[in-house]
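Undergrad: Below you'll find the structure I mean.
The values are calculated or read from the model by the stated rules, or taken from the named source; none is laboratory data. Computed from a predicted structure; not experimentally measured. Every residue, glycine as well, gets a Cβ built from its backbone with ideal geometry; the counts of neighbours run over all protein chains shown. Heavy atoms of the whole protein, side chains included, go into the accessibility calculation; ligands, DNA and RNA do not. Shrake-Rupley method; radii C 1.70, N 1.55, O 1.52, S 1.80 Å.
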Amino acid sequence: MQRTNDARNFLVVEGDGDVAIFDRYVAPDRFTVIPANGKKRACDALALAFADNFEGVYSILDRDWLELIPGEMRDPRIVHTDRYDLDVCVFYLPGVYISVASSFCVRGGFRVDASGCSETAIRNLCIAMAFPVGVLRYISERDGLQLRMRDFPLHLVVNENDLTVDTDCLVSTTLNRSKVATIEFQSLKDTLLEEMTGISDTARYCSGHDIARAFSILAKQRWSTTISVDNVERAARTAVSWEKFRKLSVYLDSARWFGGNTALVWIE
């Protein structure tokens with residue numbers, strides 16, 4: 001980051017998906033939004049800026065495994081999402097995924113008042129599918145197992161009839177994708193099952209990408225609608241109105257940078 005003739009503050013975020021939401025609602029006369037193209041790059045840039053006492057640098061980052069795994073960067077100028085990432089926060093905003101379903105799945109039979117079409121039903125099914133993958137991602141990070149969890153092909157491990165995850169298939173698929181994994185099948189399966197048993201807040205372990213992929217599977221199986229993960233994510237972000245945006249924790253949390261005044265961060 002270099003200060004030119006732009007006197008505005010920098011709001012550093014992880015990627016373009018974050019920009020798609022924050023850029024619409026940040027105070028344009030006070031902030032410019034900068035995507036870092038990844039969490040590590042964002043943290044590296046912030047560390048340099050903070051070390052050099054670079055003024056006017058703030059950041060909103062995904063929570064990821066904050067509080068669950070040590071080592072996450074902390075600073076008063078950094079605000080974290082209250083769930084794993086911003087897309088999961090969007091998933092929990094009222095009406096967002098109903099809007100996505102209404103946009104794509106009506107021809108396949110989706111109706112807001114029909115059985116299995118409620119917001120609660122959609123959330124429960126998507127969380128149930130994404131949760132085991134998220135726990136594997138957490139175990140891999142915590143124990144250094146080097147599992148390849150990025151862009152996980154969730155559709156390969158979900159039973160089409162009841163939309164549940166086949167644990168054996170999940171573990172074998174994960175290991176087949178992870179050429180340098182440091183764990184065997186049975187040990188990984190036992191660890192996964194034991195870990196899942198002790199978790200009550202299942203949504204905490206779900207990534208936004210896995211949620212979007214789960215919804216894509218749900219749309220295909222329940223409403224005969226083919227929709228890409230990318231389109232699910234884009235439609236969900238587009239559905240975040242100003243009214244909905246203000247329900248996100250980052251809206252108020254970021255105002256702490258300026259004594260709690262949201263008008264110094266966001267449009268008001």
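Undergrad: If I filter the range 117-126 for residues that are modelled with pLDDT of 95 or more and either in contact with a strand residue (DSSP E or B) (Cβ under 8 Å, 6 or more places away or on another chain) or of a type in the set (S, T, Y) (or both), do I get at least one hit?
TA: The answer is yes; a qualifying residue exists.
Undergrad: Does at least one position in the range 71-81 carry a residue that is in a helix (DSSP H, G or I) and among the polar types (S, T, N, Q)?
TA: no
Undergrad: Being at pLDDT 95 or above and open to solvent by 60 Å² or more (accessible area, probe 1.4 Å) is true for just one of R74, R41, R3, R63. Which residue is that?
TA: R41
Undergrad: Within the range 30-61, can you find the residues that are under 22 Å from L264 (Cα atoms) and in a loop (DSSP other than H, G, I, E, B)?
TA: The initial filter retains those residues of the range 30-61 that are under 22 Å from L264 (Cα atoms), namely 30-35, 46, 49-50, 53-61.
Result: R30, N53, F54, E55, G56.
Undergrad: Which of the following residues is crowded, with 18+ Cβ neighbours inside 10 Å, more than 22 Å from the chain's Cα centre (by Cα) and in a helix (DSSP H, G or I): L218, L175?
TA: The unique qualifying residue is L175.
Undergrad: Sticking with this one: Given the conditions (1) surrounded by 13 or more Cβ atoms within 10 Å (Cβ to Cβ); (2) in a helix (DSSP H, G or I), which single one is not true for I183?
TA: Failed condition: (2).
Undergrad: Look at L68 and say whether it is touching a helix residue (DSSP H, G or I) at 6+ places or on another chain (Cβ under 8 Å), open to solvent by 30 Å² or more (accessible area, probe 1.4 Å) and under 13 Å from A219 (Cβ atoms).
TA: Taking the combined requirement at face value, the residue does not satisfy it.
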